[in-house]
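Any read-out appearing in this document is the output of simple, stated calculations on the displayed coordinates, not a laboratory observation. A quick note: this is a predicted structure, and the numbers were derived from the prediction, not measured. Ideal geometry is used to build each Cβ from the backbone, glycine not excepted, and the neighbour counts take in all protein chains shown.
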Amino acid sequence: MLDISKIKNMGIFIGGILFGTAGIKLLASKDAKKVYTNCTAAALRAKDCVMKTATTIQENAEDILAEAKQINEERELKEAAAVEEAEGAQA
């Protein structure tokens with residue numbers, strides 16, 4: 001004799017099989033492939049945008065570093081000249 005819980009479990013199992021079969025067919029359909037293709041294309045466009053931004057940031061960072069080094073070199077030259085001038089005044 002089947003009780004209600006066994007019938008319920010059997011119904012859930014059969015529903016799962018049907019849903020799974022329909023899901024596989026849906027995922028393999030032409031429309032689904034079109035969606036996958038469009039999503040992949042969008043991801044590739046996003047990747048290109050991110051890479052361009054990263055390249056721009058890297059170029060700006062290199063420019064900033066070069067300018068900072070130049071500022072430090074000029075400062076060191078000025079400090080060295082001031083030290084020489086002070087030593088010359090003391091002598």
Open item on the list: Let's see if you can work this out: charge +1 on each Lys and Arg Cβ, -1 on each Asp and Glu Cβ, no other charges. What is the dipole magnitude of the chain about its Cα centre, in debye to the nearest 20?
Closed with: 1980 debye
TODO: Using the Karplus curve 6.51 cos²θ - 1.76 cosθ + 1.60 with θ = phi - 60°, work out ³J(HN,Hα) for each residue of the stretch 9-16 in order, rounded to whole Hz, and write x for Gly and Pro.
DONE: 4, 5, x, 5, 4, 5, x, x
TODO: Starting at the first residue of the stretch 77-84, write each ³J(HN,Hα) from the Karplus equation 6.51 cos²θ - 1.76 cosθ + 1.60 with θ = phi - 60°, in whole Hz, x for Gly and Pro.
DONE: 5, 5, 5, 5, 5, 5, 5, 4
TODO: Give the shape of the chain as rounded, prolate or oblate, defined through the alpha-carbon gyration tensor: a ≥ b ≥ c are the square roots of its eigenvalues, a/c under 1.5 means rounded, and otherwise the shape is prolate if a/b is larger than b/c and oblate if not.
DONE: oblate
TODO: With r as the distance between the Cβ atoms of Ala43 and Ala22 and R0 = 25 Å, compute the FRET efficiency 1/(1 + (r/R0)^6) and round to 0.05.
DONE: 0.40
Open item on the list: Given points 7 Å out from each Cα along the Cα-Cβ axis, report the Lys33 to Glu62 separation in nanometres with one decimal.
Closed with: 4.3 nm
Task: Karplus 3J(HN,Hα) series, Hz, for the stretch 40-49 with 6.51 cos²θ - 1.76 cosθ + 1.60 (x for Gly, Pro) - done: 5, 4, 5, 5, 5, 5, 4, 4, 4, 4
Open item on the list: Quick check: the distance between the Cα centres of the stretch 58-91 and the stretch 1-55, to the nearest angstrom?
Closed with: 63 Å
- [ ] Find which of Ala28, Ala43, Ala68 sits farthest along the positive direction of the dipole of the stretch 1-82, computed with +1 on the beta-carbon of Lys and Arg, -1 on that of Asp and Glu, about the Cα centre.
- [x] Ala28
